[in-house]
Every structure is written in C-alpha cells, then in structure tokens.
Amino acid sequence: MSPSTSIMKLRSTCITVALIAAVSLLALIPERAHAAIDEVENNNSFEAATPISMNQNVYGTIDSSDKEDYFEINLPTSGTIKITFANDRFFKTSWNSRIGMDIYNGYFEPFGDTYFHYKNVSVKTTKPESFTINLKKGTNYIRVVPNSIVTFDEPHPYHFKLSYVVPGTTIKKVIPAKKAFTVKWTKKSGAAKYQIRYSTKKSMRGAKTINVSKAAKSKKIKGLKSGKKYYVQVRAAKKIGGQLYYSNWSSKKSVRTK
C-alpha cells in the first residue's frame, strides 16, 4: 500500500469517528434546548424578579417553556402609573390571542391586571398599547404571561415601559400682538416647569418648544411673522425621584398675530 493511500484511509477514519461523536452529543441535548439560548431573562418567580426602573425600555421573552416573567419596580412615591406594552413578534392566527400583565404589591398580593388582545396579526411588531394603574410607594411586581388557546411555541419577544402620569394644564387664553402673542395657562401644583410649543401647522409639525419656569403662568412669544396664524399648546413637567415627567399637551388654541 502506498503512503498516499494510507494517509487517505487515516483521514477517512478520523472523519467517521468525528461524525459519530457529533451525533452522540446531539442525542444528549434536551428537546427544549432552544429555550436556554433564546431565554433573555431568568425571572420566572417573585424571588427571581428582574429589577427595573421608571422610563426604562424593558425587554422580555416568553414561550412554551418560559411561560411567565416577573419584574420588580421600586417607586419613589405613590401615583398613577402608565404602562405602555408592545408585542414585538406574532404569527398570523384567527384566534383571539392575548398576553396578560398582572400587578402585585410588595406583599405579593394581586393589585390589578390587564390583557392585550391580538387577532389576525401578521405584522412583526404591533402598535404599543397602554393602561394606567394607581400604585403605592415602594416595591411592586409585574408578571407577564400568555393567556391564550394558542401556544407560544417559538420565543416571543415583547417590551414595555412605566412612567408617572402628570396632570395636564389648560390654556386660558391666547392674546394676539404685533408679530407676537401672549399665552396664559392654569398653574399646576407641584409643577417643576412648563413647556410651550407653537407652529403654523395644525398638526404641530415643525413646532418650536420653549421652557418656562414653574412660577410662570403666562409667556409672550415674540419675533413671529405678521398676520400669521399660529397654533399653541402647553404642558406641565413634574420631578419625581430625580426624573422629569411630562403631562400630555393641552388642547390646541389658535391665534393670528397682528
């Protein structure tokens, strides 16, 4: 036998042994091994809840082997909390599928819940949905769980965010002036500042925004075009736990400069 023939047989034997070893290893892998790879967080109980913060985009994944996720939020003060939830991937189905979000207090007692419904969904990401709930200062828990006759066989990502709801203000009046206008609004208790925005478009596209101190209740906007119609809105900002939270913008008021 020539040296080249011996080398070829040796290579063939090595490849065969390697393939047998690989098949043996694959046989040892559990059926649900994909869950360990796709699992974003290991938080399937109150004790293992993932700590989160206000205004943080929180990401998670659920599937048939990871059926619930727990999150822990420590609130600096009691208040009305807005929770915005987005379903990041779904499959098309005629079933009325839904994802549940349960809220618990620091004693693991149910405090409230909601469900986000999805039917005939075939887009990659659904529009964010939101709801509000009154929570007390201190530790609270959030549990995300599928609630549907449709099984989440594939890893199913989602994300949500919590923020305080700040009471909004209202515009009392807008007074026209030469190439200017003055806007007056209702002061809100506890406001850290106010913001005014104005635009020549009703959609508020391209609006300019101005910050105003918490003591103010009116502001004159100068340097505008003469005889032009402007739309105006005001909102309040409140500082909670060192962070600024904004109310919704007030209803629009229009004014035509002189």
Within the range 212-230, how many residues are outside any loop (DSSP other than H, G, I, E, B) and more than 12 Å from THR257 (Cβ to Cβ)? 4
So VAL23, is it at pLDDT below 75, outside any loop (DSSP other than H, G, I, E, B) and more than 14 Å from PRO157 (Cα to Cα): yes
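Here is a yes/no grid of residues against (1) surrounded by fewer than 17 Cβ atoms within 10 Å (Cβ to Cβ); (2) at pLDDT below 95; (3) outside any strand (DSSP E or B):
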site	(1), (2), (3)
ILE142	no, yes, no
VAL150	yes, yes, yes
VAL183	no, no, no
LYS202	yes, no, yes
ILE210	yes, no, no
VAL234	no, no, no
If we ask which residues in the range 94-140 are at pLDDT 85 or above, under 15 Å from the mean Cα position of the chain (by Cα) and either over 19 Å from TYR59 (Cα atoms) or of a type outside the set (A, V, I, L, M, F, W, C) (or both), their number turns out to be 2
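The values are calculated or read from the model by the stated rules, or taken from the named source; none is laboratory data. Nothing here was measured: the structure is a model prediction, and the numbers come from that model. Note that each Cβ is placed from the backbone with ideal geometry, even for glycine, and that neighbours are counted across all protein chains shown.
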